[in-house]
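Read the figures in this text as sums done on the coordinates, not as results from a lab. The model shown is predicted, which means the values in this text are computed figures rather than measured ones. We place every Cβ from the backbone using ideal geometry, glycine too, and count neighbours over all the protein chains shown.
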Amino acid sequence: MAGADGDDSLYPIAVLIDELRNEDVQLRLNSIKKLSTIALALGVERTRTELLPFLTDTIYDEDEVLLALAEQLGNFTMLVGGPEYVHCLLPPLESLATVEETVVRDKAVESLRKISQEHSPVDLEVHFEPLVKRLASGDWFTSRTSACGLFSVCYPRVSSTVKAEIRQHFRTLCSDDTPMVRRAAASKLGEFAKVLELDYVKSDIISLFTALASDEQDSVRLLAVEACVSIATLLPQEDLETLVMPTLRQAAEDKSWRVRYMVADKFSELQKAVGPEITKNDLVPAFQNLLKDCEAEVRAAAANKVKEFCENLPEDNREQIIMTHILPCVKELVSDTNQHVKSALASVIMGLSTILGKDNTIEHLLPLFLAQLKDECPEVRLNIISNLDCVNEVIGIRQLSQSLLPAIVELAEDAKWRVRLAIIEYMPLLAGQLGVEFFDEKLNTLCMAWLIDHVYAIREAATCNLMKLVEKFGAEWAQNTIVPKVLGMANDPNYLHRMTTFFPLKLLDLLPHQALSEACGQEITTKQMLPVVLKMSNDQVANVRFNVAKSLQKIGPVLDSNALQTEVKPVLEKLASDTDMDVKYFAQEAISGECLSSSTIVDKLNT
Amino acid sequence: MTKCSKDALRCDNSCGGDNCVKQRTKCALLIKSAASTAGIGAVPASRTVSCWMRPEVWTGPASPPSPSSSLICRYQDPEPADLSMEEESDTRKINNSFLRDHNYATEADIISTVEFNSSGELLATGDKGGRVVVFQREQESKSQPQRRGEYNVYSTFQSHEPEFDYLKSLEIEEKINKIKWLPQQNAAYFLLSTNDKTVKLWKISERDKRPEGYNLKDEDGRIKDPSTITSLRVPVLQPMDLMVEATARRVFSNAHTYHINSISVNSDLQTFISTDDLRVNLWNLEITDRSFNIVDIKPANMEELTEVITSAEFHPQQCHTFAYSSSKGSIRLCDMRQAALCDKHCKYFEEPEDPSTRSFFSEIISSISDVKFSHNGRYLMTRDYLTVKVWDLQMENKPLETYQVHDYLRGKLCSLYENDCIFDKFECVWNGSDSVIMTGSYNNFFRMFDRNTKRDVTLEASRENSKPRAILKPRKVCVGGKRRKDEISVDSLDFSKKILHTTWHPHENIIAVAATNNLYIFQDKVN
């Protein structure tokens, strides 16, 4: 026992125990998180007889405290004396499983599931199973919803009579008065089915599943779709048609769009669960209907699954199914009235080209891509552009370039800066696909124009973009195309544009090896960039001047010590006596930093 | 008129003020209204109904009562109930004398909503001061069986505070517009309360134990010398006096540009809707950072605005159906299964206007102030300025029943327009079995209509007339001509004493009636 350890070691524990009931939530939370320390100090006996009874009644506390408590108790088995005494943890977890806050309840159930594994089969029947029963027949639906998650963990380890009781309880909860409980039961149906004997799955679970799938509340019905996936994987193929398919067909045509949405959303899982034969006969027409659904949300969910669904079709007649059944629907979706549907489709449609091969892509898909590239909604165009690589692999990008260019230009000049930002981020990808020649010819001017965009975020992204391009196309390209233009801006009448000159240098901080000066190498930096930067130290705007100081500090490491001593240092010293406080500050920073970096260079040279 | 409405709405949007709601409704309602003389309808002969009510009075607190004063709700004393215990005796006297005049009530004390919970054991009121007062029904006790049915204060809390929207330079009142109880899910009670902009979920729970025993302090709370600590002490929970706590569990905000007029909890116990003048938003009770707009009647061009949403409610059993009423006197029923956006209704209830009674005020008085589904879900009840109508969900072209609430006001619409009373939003309620309906009127009168016997009664909720345990006498209003004894003339009605908010116990004949700052609870005569 801890009492023997003396006062020094007791004091911190005493503080922790007192803080379990401190006014400050944060202190209570800290204390709860160190509950194992308290339990260790108290010893197993006092933990069981004093600490746990106290914790059982703390359900008044804040959610975050209760959440931490529920989590702690899941790892408490050794602290109460090992598996023999693990049932002592049930009362506090039981009271936590009835609170109104879902996250706390879920955590309590999770911990209960965890400690259920530590119960001996006897204890499970004597202590754990009665708890499940109490929860399942509780007055309030919070306790009944918690019970739903516990059946599956105790079912495999109890005697057959108790098993029958558990099945009965689950049945009762599936037809509970409150939709909350029915929803909880429906969401645990699949999990429970997995631990049941196959005969009971067929006799019990199927009838419950059918009942839940035709519940009057659509919030319950839609959860049955999820259960459908796990039940279908459990049943032998020959039973699927009679036991599961009628319900699934009904769900795919449910009156409520939310249920149909769920079917669309789970379509790939369903497809895998029911196997190729049923997919061919049933799911293909169902999928067609979902793609043509009257509710846009459903169409969008289905459109998202187009690629995955096609990929998972049985190989033997995949192409034929896609061409005759799926593609016609896809064609319609390209001109859908809802932009979310179109953009969902645009994000996956390019993936079809790998499945269909070169000829089909050129004949059937290309017109769709081109139509989407001209779509009025920028998101659709962006989604197409962002997935260009799939098509490039199959047919090469040249096929698209005619339409691509106007689409890119239009996005690049979009009035919404977020759209411009998005297209900038795809530039390196596009440049890679299109090649340097095409890029120089068509896109280079755009990239330069972004440098003087009136939105800061765009100017910043444009510099990042330039750096990535330099990495891709090499230093020589940079010297010929980028550097002159960037440096040219040093003479711009607008000081904000003049500052853009520093961007590539400034980013040295964030991306140590990607900044323009590093990418270009010492040669270009010393010969071309340094003079410009130094010249700008005479700028009349203070912002420009202190950016000179900051930049010099950053390009220091790439310069040779001669240039540092003869050119950089005098300029920095001049700036250090500037009239502007900020300029002075950054210049001094640079000088002290400069010495460091130059000395490291000297060191490097010496060794 | 059209222009006016646009400006009013813009004003609400940008600079806004207290008068905007009313102003806007006024304008929106007046659009297209034709000027013609108001016709006087026939006053229905009110028959005598045996009265079964006994009154119970509670006065809004001048200051929130402390939780320890257990019996705040009491029968009316000859002396007005005195709740401001803290005040000096002199001031109290003055207050008392003013108490008889309803005008005494400070603005903040005016009750703005009243609602029973689903078991009827609790009753909540909200007031203009942003406070919520919850009453609990006295449990059966052997010693005083007659006290069963009395409602005592259970919990009082400040639900909303006045706020200022800095972006729009708009003051947000703390007034509680609506309270809705959630079905009970554990030992605690939950309710939603809303002001113009923000809905809050409150938990009202009891605590009867508290931890005792510290390690670092002795019994008197003095800090112990750390060196004297030789053993650890785990706190023990000891019983204590019952304490009722109210905690805000969720705050649903930033979803409404206009003023929230109603909230309704779905039967799936997972979602609720909040409705403002132009939009209906759907929320998940557990998620506060997003809501879904399901109805939006805002025209692209605000000059084309012709109607506003006045109230919305979920169907009591079908979780996918809800109804909303408009300032044009129509009700739309929407099915959330059909589409994610419910801009298209599936049923449209409207009574064609009678050309013979058409007047300048037609459109204003046809505006629906409240819509309620019957408990069995078969009917809808709507309240407009002069009538209560019951609609069968299967019949869209005309109401099943129409009850005149105060038809004698038809001739006084002009003056009611002048004093803005014509824009009062009266609510209406069903009794537990959907056989009787109740709604408020002026002069502290409220009306009940028995749907089966077609009898109706006017009752008065006032301190002067209702002694504790007294039986309420039916009141009668006479129009012109000779005034008989016990009758009150239309011209002497007090239009500042209005009963806008009432509620009916879900299973029993107990009603709660809010008359400015007073809450009256009447119940069936106990033998």
Exposed-loop-free span, longest in chain A, where GluC sites (Glu not before Pro) count as exposed if DSSP calls them loop and at most 10 other C-beta atoms lie within 10 Å: A:24-375
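Give me the Kirkwood hydrodynamic radius of the range A:224-280, using the inverse of the mean 1/r over all pairs of distinct Cα atoms, in Å to one decimal. Walk me through the intermediate numbers first.
Numbers: mean 1/r = 0.0892 Å⁻¹.
This gives a value of 11.2 Å.
Set the Förster distance to 25 Å, then compute FRET efficiency between B:Asp450 and B:Gln394 from the Cβ-Cβ distance, nearest 0.05.
Numbers: r = 23 Å, r/R0 = 0.91.
For R0 = 25 Å, the calculated efficiency reads 0.65.
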Quick check: Cα centre of the range B:436-505 to Cα centre of the range A:174-210, how many Å? 55 Å
Report the Cα centroid-to-centroid distance between the range A:326-360 and the range A:234-254 in angstrom, as an integer. 28 Å
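Once you keep just the Cα pairs under 8 angstrom separated by 6 or more residues, what percentage relative contact order results for the range A:187-299? Can you show the working numbers first?
Details: 112 pairs, mean separation 27.9, N = 113.
Relative contact order here is 25 percent.
For A:46-53, what's the mean count of beta carbons from other chains sitting within 10 Å of each residue's beta carbon? Kindly include the intermediate steps, with their values, before the conclusion.
Numbers: counts 2, 1, 0, 1, 5, 3, 1, 3.
Per residue, the average neighbour count from other chains is 2.
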Apply the Karplus parameterisation 6.51 cos²θ - 1.76 cosθ + 1.60, with θ equal to phi minus 60°, to every residue of the range A:57-64 and state each ³J(HN,Hα) to the nearest whole Hz, in sequence, with x for glycine and proline. 9, 8, 5, 6, 6, 5, 4, 5
If one takes the longest principal axis of the Cα atoms in chain A, at what angle in degrees, from 0 to 90 and to the nearest 10, does the Cα axis of helix A:417-434 lie? 80 degrees
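Work out the length of the dipole vector of the range A:289-367 about its Cα centre, built from +1 on the beta-carbon of each Lys and Arg and -1 on the beta-carbon of each Asp and Glu, and round it to the nearest 20 debye.
Roughly 180 debye for the range A:289-367.
Given B:Lys328/B:Lys372; A:Lys374/B:Lys344; B:Lys200/B:Lys344, which pairs have Cα atoms separated by over 21 Å?
Working: B:Lys328/B:Lys372 17 Å; A:Lys374/B:Lys344 31 Å; B:Lys200/B:Lys344 29 Å.
Those over the limit are A:Lys374/B:Lys344; B:Lys200/B:Lys344.
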Relative contact order as a percentage, the range B:211-369, C-alpha pairs under 8 Å and 6+ apart, gives 14 percent
Helix A:7-19 axis, angle to chain A major axis (alpha carbon atoms, nearest 10°): 80 degrees
Averaged over the residues of A:13-24, the number of partner chain Cβ atoms within 10 Å of each residue's own Cβ comes to 4
Between the Cα axis of helix A:218-234 and the main Cα principal axis of chain A, the angle (0 to 90°, nearest 10) is 80 degrees
Filter the cross-link list A:Lys266/A:Lys472; A:Lys194/A:Lys331; A:Lys255/A:Lys342; A:Lys33/B:Lys175; A:Lys272/A:Lys358 down to pairs whose alpha-carbon distance in this structure exceeds 29 Å. A:Lys266/A:Lys472; A:Lys194/A:Lys331; A:Lys33/B:Lys175
